[in-house]
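Undergrad: Before I ask anything, let me first share the structure, which is written out below as structure tokens.
We did not get these values from a lab; they are worked out from the coordinates using the rules stated. The shown structure was predicted, so the numbers you read here are calculated from the model rather than taken from an experiment. Virtual Cβ from ideal backbone geometry, glycine too; neighbours counted across all protein chains shown.
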Amino acid sequence: MKYIYKSICICLMLVSILIFKTSGVINESKQTNTNLNKNINLNAMAKVIETFNLDDIYSVLDTYSGDLTGYAANCPLCNGTLGCTGQNVLDGTTEYQDAMYGVVKIVASSRNLPCGSIVSFTNPFNNETITAIVLDRGVTGTALDLLVESEQVAREKIGRKQISYNILRFGWTKARA
């Protein structure tokens with residue numbers, strides 16, 4: 001839907017330019033275009049379209065508050081597989097390659113957020129922005145549990161902090177189910 005909207009906007013912009021140019025030709029029919037370089041700057045156009053796409057995928061759909069904790073795949077209550085995909089993460093995997101958002105961290109959530117949801121929050125330990133995907137279960141309410149390399153990292157670098165986080169995508173599609 002967003003691509004159709006952007007395509008329509010671009011087409012309307014091009015039609016407006018053509019109408020403006022055509023009206024100028026009618027009013028000044030004796031003028032000729034002496035500009036030999038009639039190329040469209042495709043790089044500039046691609047950057048504008050990319051900006052539209054990034055603005056769209058990083059627009060906030062909702063904001064939640066909850067506790068942020070960390071966990072490792074081999075924790076005492078963990079079996080090493082992700083609840084949403086069944087992927088084994090005992091090999092140390094803590095990131096996921098998403099088709100739309102690129103490399104993102106993995107978090108566990110309650111069923112409040114569907115599998116595949118994308119969240120963004122500030123890491124309270126180092127103030128870096130983290131973009132993560134819900135691929136696991138095991139927490140309650142609006143809490144998030146960030147998958148990290150080890151229980152030591154979970155204790156020392158994450159702990160338990162109250163955070164606000166933005167929902168960028170609900171499930172595997174952009175819209176809320």
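Undergrad: Please compute the length gained on full extension between residue 74 and residue 90, using 0.36 nm multiplied by the number of residues separating them and subtracting their Cα-Cα distance.
TA: Computed gain between residue 74 and residue 90 is 5.1 nm.
Undergrad: Just grab the label-to-label distance for residue 59 and residue 81, each label 7 Å out from Cα along the Cβ direction, in nm (one decimal).
TA: My value for the distance between the label points is 3.8 nm.
Undergrad: In addition: In nm, to one decimal, how far is the modelled label at residue 172 from the one at residue 7, with both set 7 Å along Cα→Cβ?
TA: Modelled inter-label distance: 2.3 nm.
Undergrad: Based on DSSP, what percent of beta bridges with both residues in the range 62-169 are antiparallel, to the nearest 5?
TA: 75 percent
Undergrad: How are the C-alpha pair distances of the range 94-177 spread across 5 Å bins, as whole percents from the shortest bin up?
TA: 3, 15, 26, 29, 18, 7, 2, 0
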